[in-house]
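Throughout, read-outs are computed from the coordinates displayed, never taken from laboratory work. The structure displayed is predicted, hence computed values, not measured ones. Don't worry about glycine lacking a Cβ; one is built from the backbone with ideal geometry, like all the others, and counts go over all protein chains shown.
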Amino acid sequence: MSHSCKVKSGWLIAAAMVTTSGAAVSADDVQPAADAVVVTARYWEESEDKVPASTEVIDGDRSEGEVTGLDRYVSNIRIEESSVQTRVAIRGSTGYDTGLQDPVGYYVDGVALPLGGTQLPQLFNLERIELIKGPQGALYGRNSEAGVIKLESQRPDWEPAMSLGVQSGVTDGANGKEPSHIISLRGSNELIADQLAGSVALRYEDTQGPFVNRADNDDHSGSVKNWSLSSGLDAQVSDVTEVRFRSLLSEEDTGKSRLRYSTGVNATDRFTTNYNSQTFDDTQSAIHSLTINHQMENFDLVSVTGLTNFRRDFRNDLDLTTFAIPDTLLDLDDDMLSQEVRLESDRDEDLRWLAGVYLYKQKTDVDFTIGGSMALARSTRETEIDQHGLAGFGQVEYALAQDWSLTLGTRVERISKDGRQNYITTGGTSSYSADVNEIMVLPKATLAYHVSDSGMIYASVAKGYLPGGFNYGSAQGISSFTYDSESSVNSEIGYKDRYLDNRLGFTAALFHIKTHDKQIVDLQPGFVQSIANAAETTSYGLELGADYAVTPALSVYGHAGLMHTEADKFDTTVFSGGSFVPVSRAGNDLPLAPEFTYGAGVRYVASKGVFGDLSVNGSGDYYFDSANTLKQSGYSRFDGELGYQFDGFSVSLVAENIFDEEIISRAVSTSSGTVVEDTAPRYIGIKLAANW
């Protein structure tokens, strides 16, 4: 498990112990192998086996409420959970470094997160995570070029329920064993007989972290203090109308002394930094959703209203040394209001459809101050971005013959952005503004052949899209302030089926992705960094997955992925030999794209007695940069849990990265050496969980 608890370094399990999750799951709660897993990948509720796409469903207790552990169950993904950003690379697709947009769409209780993975709050109290690979713009909008990650909170119980979880453990850090403590509590009950049920869950974490700042011997330089509150209401207004409200609030205070030099005269050891100032990274996140589902005679009317708010304030010693250079500062404030309305038809033997509209309004204010050394003059950029969007979308599935079906979908979306920036230096202030207006049509077509009641072969083609935007961090004038959208075409052929009385499941997929006008960071004369659409890339690969229920309590699972990624065209500029030199990186691998990934595990869950889960996951070598100079060596990581389930109570021992593999989440090349951020130290902890 690579669950970072938003510690930005992927190094401990974020126990969602507000239920029996994280301890043993009672055998009474385990779905029989023959029962289909119901998903909403296409908004329709349907068996996962019936979805003609690469989908993965991970229960909340197995994911521990964190997307940073997805590589344990899913092939061809890599995760950067660093002090700079959070991003999931699916099939080699990522956005430009430190951008405000993400090619992966994140949805929490049906509400899109406009800033992508970096906006993710501390997640817990989750029912499940659904991952859908490939462009999903036909249904899910502007930020889903690489795929969609859907996170669903636990629904309130209609009978009294309460649970308590405590986890305490230590990580192997630069200063020995460092403590971590997490406590969570959840209560739920019917509030009005047969009409209203509610739940509330609270989580608090105090983690010291494995980092030590050598300059002052501070072992709290990478610490985390976090509280999160999750609440929900389910109202049965009538026999045909249901209303759901979900709210997730999270506040986190994090030490930001985590980056270090691994080469050069300022190099330090693993988890050891050398900062001369106190750094911090404080975030506040709020996600609210109101869903109304009204059943009509021949279709359902679904309305999803979303309100998100995200605040980030950090101070960082960007030179990473004890030199007296001013800190880098960021203050970000983002608010979004969204509304989606869908009509979903009833399923009949030959035809089903859905149609909808989606609109949003978003305001982003970000102040970024950097520099103060001889090489980089001190500057501040004050950026304001106002944007709104409107989209209409639809999908229809038609039975061509007894075993053949065709699904066609499309989305027409218009996004308008108004950006303004004040660029402030010792020489004065310059102000400029620009508009980015785009209309995009995002079609998708899928043909499926149903080989059996549980199996299918499918082929799909879809267009992906990532909007243009504004260069908030490094523009120096109107010419470097904006950049255009990128697009991609994704083709996929897949197979999925179940055998042996549904005890054995198998999936396979071949994919090919061609990306045009890819957004990259380009260095211009005068050390002006712009965001250019100067790359064309190709990715293709194979993915295999299987799960087998040996007995109702014992199961095994595994996945493997092969992938080739390449920059067909990648023209940029570098500073070398005292001048700016144009270079081509065509032929290089894409960042965060290993040639192979894998994972396997065995899990035993019983109603009482011993339970356990042992897994391994890893990958081949992969690069952090487009120049292919900074590499993470291939690794295999082992994680495990062993415990005992009593009546309503469990205790377990958790171990992460058992053999202490050295893994980094981020690497950057500078004139003073290579900068890295260490992640995934060995962690050992005790979990106690009770529910009644």
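Stretching residue 388 away from residue 253 to a fully extended chain increases their span by 45.5 nm, per 0.36 nm per residue minus the current alpha-carbon distance. A Förster distance of 56 Å, applied to the separation of the beta-carbon atoms of residue 190 and residue 627, puts the FRET efficiency at 0.40. A straight line joining the Cα centroids of region 139-164 and region 180-257 runs 14 Å. Helix-only arithmetic for the chain: the sum of -39500 (n - 2.57) across DSSP H runs with n ≥ 4, divided by the residue total, places the mean residue ellipticity at 222 nm at 0 deg cm²/dmol. Residues within the reach of a label modelled at residue 461 (point 7 angstrom out along Cα to beta-carbon, backbone nitrogen below 20 Å), restricted to region 430-446, are 440-446. Averaging the Cα positions of each part gives two centres, and for region 494-518 and region 402-431 these lie 30 Å apart. Among 580-587, 531-538, the peptide with the highest mean count of other Cβ atoms within 10 Å heads the list, and the full ranking is 531-538, 580-587. Across the options 455, 465, 389, the greatest Cα extent toward the positive end of the charge dipole of the chain (unit charges at beta carbon of Lys, Arg, Asp, Glu) belongs to 465.
As a rough guide to protection, the peptides 196-202, 123-129 ranked by mean Cβ packing within 10 Å, highest first, stand as 123-129, 196-202. Spacing of the modelled spin labels on residue 544 and residue 343, each 7 Å from Cα toward Cβ, amounts to 4.6 nm. Approximating the spin labels as points 7 Å out from Cα along Cα→Cβ, the residue 158-to-residue 311 distance works out to 4.0 nm. Annotation: lysines with alpha-carbon distance below 24 angstrom to residue 496 (same-chain offsets under eight excluded): 50, 133, 150, 444, 463. Residues of region 301-328 falling in the label zone of residue 243, defined by backbone nitrogen less than 14 Å from a point 7 Å along Cα to beta-carbon, are 303-305.
If only the Cβ of Lys and Arg carry +1 and only the Cβ of Asp and Glu carry -1, the dipole of region 288-404 around its Cα centre is close to 440 debye.
Sorting 139-147, 503-511 by average packing, meaning the other beta carbons within 10 Å per residue, from highest down gives 139-147, 503-511.
For region 38-691, the residue among 654, 672, 577 whose Cα projects farthest onto the positive side of the dipole built from Cβ charges is 577.
Taking 24 Å as the straight-line reach from the Cα of residue 687, the lysines in range (excluding those fewer than 8 positions away in the same chain) are 6, 8, 177, 225, 608. What net charge do the residues around residue 174 carry, taking every other residue with its C-beta under 12 Å from that of residue 174, with Lys and Arg at +1 and Asp and Glu at -1? In short, -1. Here the chain is assigned +1 on the Cβ of each Lys and Arg and -1 on the Cβ of each Asp and Glu. Its dipole about the Cα centre then comes out at about 1180 debye.
Among the listed values [x] 31; [y] 25; [z] 16, the one matching percent of Cα pairs over 45 Å apart as calculated from this structure is [z].
With a Förster radius of 60 Å, plug the Cβ-Cβ distance of residue 495 and residue 175 into 1/(1 + (r/R0)^6) and report the FRET value to the nearest 0.05.
Working: r = 51 Å, r/R0 = 0.84.
That gives a FRET efficiency of 0.75.
About the centre of its Cα atoms, region 156-274 shows a dipole size close to 640 debye [charges on the beta carbon of Lys, Arg (+1) and Asp, Glu (-1) only; nearest 20 debye]. Across the options 355, 611, 446, the greatest Cα extent toward the positive end of the charge dipole of region 38-691 (unit charges at beta carbon of Lys, Arg, Asp, Glu) belongs to 446.
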